[in-house]
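Quick notes on the structure that follows.
Coordinate-derived values only; no laboratory data. All values reported here derive from a predicted model rather than from experimental measurement. Virtual Cβ from ideal backbone geometry, glycine too; neighbours counted across all protein chains shown.
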Amino acid sequence: MNKLAVLGGKPIFESQAKLVDITFSDRLLIHKRIDKVLDSSQLTNDGKYLLQLEREISARIKTPSLAVANATLGLILAMKGLGVKGNIIMPSFTFCATSHSAVWAGLKPKFVDIDAKTLNIDPKRVEEAVDDNTVAIIGVHTFGNPCDVDVLVKIAKKHSLKLLFDAAHAFGAEYKGKPVGGFGDAEVFSTHATKTLVTGEGGFVATNDKKLFDYVKRGRNFGFDDKNSDTLFYGTNAKMTELGAIIGLDSLKGLDVAVKRKNETAKLFIKRLSKVPGLSFQQVTPGAKHAHLFFGMLVDEKEFGIDRDKLSQALAAENIMTRKYFYPPIHRHSSYKEYAPLNLPVTERVSKSVLCLPINAKLSPEKAGMICDAIENIHANAAAIDHAI
Ligand code: T4K
């Protein structure tokens with residue numbers, strides 16, 4: 001075993017193993033298309049590449065989809081378009097965009113706990129949380145692992161609630177053989193640079209609800225009518241540019257390969273790292289196909305020997321990037337301080353122990369193996385590391 005960098009040795013990676021490392025399929029075509037767009041001078045407002053991307057996304061997920069400037073604006077539009085006022089049940093173990101969007105849309109987040117295995121909203125906690133003020137539920141397909149969709153649909157139907165999915169992580173995932181995108185009243189994807197399907201900044205709202213579709217379509221363009229002369233409501237500007245759409249078309253071409261590669265890496269990580277005491281992993285929802293945007297691992301300090309933060313530090317010394325998605329949980333953010341007394345034991349435990357490892361289509365099995373070597377080495381030297389940092 002090599003001497004660990006955190007203990008004075010040489011890092012296992014010469015150049016950084018990045019959490020995300022974007023793959024482009026055909027740069028020449030990207031450049032050609034950008035030139036065409038520059039020649040045409042049509043940079044935004046329903047340009048030809050945007051329309052092509054929307055057609056291809058809609059066909060792939062078998063659901064009418066609209067491109068937006070980012071998932072946060074997509075979520076705000078989808079939530080406002082539901083036309084309801086009251087509480088929206090959601091997990092606190094998510095990115096702040098899920099809850100911020102609700103507040104911007106005039107809804108009040110009601111945080112509930114997650115399931116310890118899938119790391120998604122726990123349907124039992126959802127059912128318990130429904131009261132007279134509840135108008136909607138939003139599930140988050142955490143790291144690309146689809147929610148327990150059928151159970152959430154049942155609960156929403158039983159209580160006449162709207163149901164959304166924050167599918168920011170989940171392009172390429174499936175639930176019971178169907179692509180994520182067509183479930184609930186709407187699903188919202190992110191195509192931010194950190195995602196598998198990339199447009200730079202961007203996202204998609206997918207919905208089978210014609211009224212909601214029209215609301216989002218107008219809402220992303222200031223609320224204009226078909227003649228673009230009068231506004232029908234207070235819309236916003238949430239349009240995606242042609243440059244984003246060109247990157248998106250390229251990214252979509254490579255998506256299946258990327259998701260396959262990421263699933264292979266996740267399998268390798270689980271096979272190797274399940275042998276390391278104190279490490280456990282997100283479990284795939286029964287009947288689902290995980291998109292593995294991120295690979296989340298839980299670190300039990302007692303059994304592993306050091307806590308998540310020290311492991312992250314030791315990996316950084318080895319030139320291995322990690323991220324603590326999602327820490328702190330939303331109800332611990334300063335902007336949500338009125339929620340701080342909430343008791344969400346699984347969320348608290350997972351949030352304190354979760355660490356996301358690099359997972360991207362460029363990460364070879366050899367490099368993924370080197371990440372496992374480093375983690376095993378860190379575990380074997382936990383006492384010395386604990387003393388050193
Ligand atoms: N719902 C959920 C559940 C979400 O997780 C998010 C966003 C949203 C909704 C809202 O989606 P958007 O409105 O953003 O479309 C990231 C992203 O900013 C954010 O989009 C994402 N979730 C969140 C989980 O993380 P950072 O600050 O952690 O990323 P950063 O800059 O540290 O980069 C991480 C990795 O990505 C590194 O390996 C570098 C690489 N990277 C990053 C950027 C920005 C690139 O390769 N290229 C890039 O341009 O925030």
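General remarks:
- Karplus-based coupling profile of the range 315-330, in residue order and whole Hz: 6, 4, 5, 7, 6, 10, 7, 10, 9, 9, 8, 10, 9, x, x, 4, with θ = phi - 60° in 6.51 cos²θ - 1.76 cosθ + 1.60 and x standing for Gly or Pro.
- For residue 68, nonlocal amide neighbours, meaning residues 5 or more places apart or on other chains whose placed amide H falls under 5 Å from its own, are 203, 204, 205.
- Comparing 234, 277, 190 along the charge dipole axis of the range 188-281, the residue lying farthest to the positive side is 277, per the Cβ-charge model.
- About its Cα centre, the dipole of the range 202-305 is roughly 420 debye, where the only charges are +1 on Lys and Arg Cβ and -1 on Asp and Glu Cβ.
- 37 °C / 0.692 mPa s Stokes-Einstein diffusion coefficient of the range 88-201, Kirkwood radius on C-alpha pairs, µm²/s: 233 µm²/s
- Here the chain is assigned +1 on the Cβ of each Lys and Arg and -1 on the Cβ of each Asp and Glu. Its dipole about the Cα centre then comes out at about 440 debye.
- Residue pairs, from the table 62/262; 85/178; 271/302; 210/337, whose Cα atoms sit over 29 Å apart: 85/178; 210/337
- Using all pairs of distinct alpha-carbon atoms, the Kirkwood hydrodynamic radius of the range 269-323 works out to 12.5 angstrom.
- The Cα atoms of the range 1-101 give a gyration tensor whose axes a ≥ b ≥ c have a/c of 1.5 or more with a/b no greater than b/c, which makes the shape oblate.
- Ascending count of other beta-carbon atoms within 10 Å, so fewest first, for 159, 292: 159, 292
- Under the Debye formula (equal points on every Cα, no solvent term), log10 I(q)/I(0) of the chain at q = 0.07 Å⁻¹: -0.33
- For the chain, built as a Gaussian network whose Cα springs stay under 10 Å, the top-fluctuating residue of 164, 82, 268: 268
- Taking amide H atoms as placed 1.01 Å from N in the peptide plane, the amide H of residue 185 lies under 5 Å from those of 163, 164, each 5 or more residues away in sequence or on another chain.
- In the elastic network of the chain, a GNM with C-alpha springs shorter than 10 Å, the most mobile of 41, 101, 364 is 41.
- Note: the range 320-376, Cα convex hull, 101 Å³ per residue.
- Among the listed pairs 18/176; 157/211; 154/239; 239/362; 36/362; 195/324, a Cα-Cα separation exceeding 23 Å is found for 18/176; 154/239; 239/362; 36/362.
- Using θ = phi - 60° and Karplus 6.51 cos²θ - 1.76 cosθ + 1.60, couplings along the range 197-211 (whole Hz; Gly, Pro as x): 8, 10, 10, x, 9, x, x, 9, 10, 10, 8, 8, 8, 4, 5
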